[in-house]
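This report concerns only the one structure given below.
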Amino acid sequence: MAAQIQAIRGMNDILPDATPAWLAVEDAVRAVAEGYGYQQIRLPIVEQTALFARSIGEVTDIVEKEMYTFDDRSGESLTLRPEGTAGCVRAALQHGLLGQQSQKLWYIGPMFRYERPQKGRYRQFHQIGLEVFGLPGPDIDVELLLLTARLWRRLGMADAVELQLNSLGTPEARAQYRDILVDYLRQHYDRLDEDSQRRLESNPLRILDSKNPELQPLIEAAPRLADHLDDASRNHFEQLCARLDACGIAYRINPRLVRGLDYYSATVFEWVTDRLGAQGAVCAGGRYDGLVTQLGGKPVPAIGCAIGLERLVALLPEQTVYASEPHAWLAVLGDVAEAAAMPLAEQLRDAVPGLRLQVNCGGGSFKSQLKKADRSGAAVALLLGEDEAASATLTLKPLRDDAPQQRLSIEGVVEYLIRLSNTATP
């Protein structure tokens, strides 16, 4: 017997009992994003490798160690997207979306990184991205944070996340700070772990974000980026904080918060949680005003964020129930009833929008069909036998309480199902 083929490690199946929660999150994201004027864009999973090398930075961990890169049959280097912002900018440039008007875009889909799979971190993972182009002021920064805060409230997880903020300043200010930081860290080179020693020349700001407890005293004593910000970035950040205060959004300024991608500048933020172990960031983002120019366009201010879908699903309140079971199960017995069953089922679906109706297929006695109906979780069984088919009626049998069964006209069944579908868990 041939060995069964297994899924690739870190690339997981999402089974039917889990998909209702995923759909609920996706529906909430769509509703909230559209409520703030965002339009959906759908992007390719595969892009030219140069797109990510130019945007993310060739010396980042993502490009050096984590990308799924391959040559296609023509010898062109292609990569499964490790994140969505670069592809969104590429699409906006390619299709002329960055003219005089601003753009608010959102997308959803799988991303790919080769790393050690663990809870909350997978080789194929799913992200929601929100990107805004053409708006330079702190007002759009605030609105993006208000949008995400509203999403947490809608999903019932507002008490599970904390907003952390920082400013990275302009590239020029950050470059000056980088030199100061490197000078400081070189004085303590022997205290750095292997990763930090490697990052010292390539991406020293990432050392500030190290989770190694032995490095924390060294990091706490390091020079602070906030002390080296340019005036424009400092003013932008102060206005951002003042407007969040006015909107009642709680936050914590985290001077050690940096982003792992080279294209970020000015505002950076994370919504973090302590309920998912070490993988605490649920949403992360910030400004990337220079990225459009970096990818060949004219200067366009931009801000965006990425939300981990797996992490949102893991944070959903345990008591929340997302229904996927049918409202009703149509049990059928006899040749005449079987001939009438499918047309009748379509009539009921037309009359009751949103009705989840499962028709018994494969035959069997009423007793065996009712067992299947009960296992399905349906609230009621609709019995269609020879008598019901001849009289244009159905016998309605409740499955979740002791109410008596009753014979109803098709119109009566429709009225019942409308009430049932309106009161059942969405």
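General observations
For (1) surrounded by 21 or more Cβ atoms within 10 Å (Cβ to Cβ); (2) touching a Phe, Trp or Tyr at 6+ places or on another chain (Cβ under 8 Å), each residue gets a yes or a no:
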position: Gly280; (1), (2): no, no
position: Gly286; (1), (2): yes, yes
position: Val292; (1), (2): yes, yes
position: Ile303; (1), (2): yes, yes
position: Ala314; (1), (2): no, no
position: Glu325; (1), (2): no, no
position: Ala328; (1), (2): yes, no
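Here is a yes/no grid of residues against (1) exposed (fewer than 13 other Cβ atoms within 10 Å of the Cβ); (2) in contact with a Leu (Cβ under 9 Å, 6 or more places away or on another chain); (3) not assigned by TED's automatic domain parsing to the domain that holds Ala340:
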residue: Gly354; (1), (2), (3): yes, no, no
residue: Cys361; (1), (2), (3): yes, no, no
residue: Lys372; (1), (2), (3): no, no, no
residue: Ala378; (1), (2), (3): no, yes, no
residue: Leu382; (1), (2), (3): no, yes, no
residue: Gly385; (1), (2), (3): no, yes, no
residue: Leu396; (1), (2), (3): no, yes, no
residue: Val413; (1), (2), (3): no, yes, no
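- Residue tally, condition among the hydroxyl-bearing types (Ser, Thr, Tyr) and within 44 Å of the chain's Cα centre (by Cα), over region 362-394: 2
- Scanning region 133-162 for residues that are crowded, with 18+ Cβ neighbours inside 10 Å, closer than 26 Å to Val89 by Cα and under 17 Å from the mean Cα position of the chain (by Cα) turns up Leu144, Leu145, Leu147, Thr148, Ala149, Leu151.
- Selection from region 160-184 of residues that are β-branched (Val, Ile, Thr) and part of a loop (DSSP other than H, G, I, E, B): Val161, Thr170
- Output for region 209-245, where each listed residue is among the hydrophobic types (A, V, I, L, M, F, W, C) and more than 27 Å from Gly137 (Cα to Cα): Leu215, Leu218, Ile219, Ala221, Ala222
The values are calculated or read from the model by the stated rules, or taken from the named source; none is laboratory data. Everything quoted here is computed from the prediction, not taken from an experiment. Glycine gets a Cβ as well: all are built from the backbone with ideal geometry, and neighbour counts include every protein chain shown.
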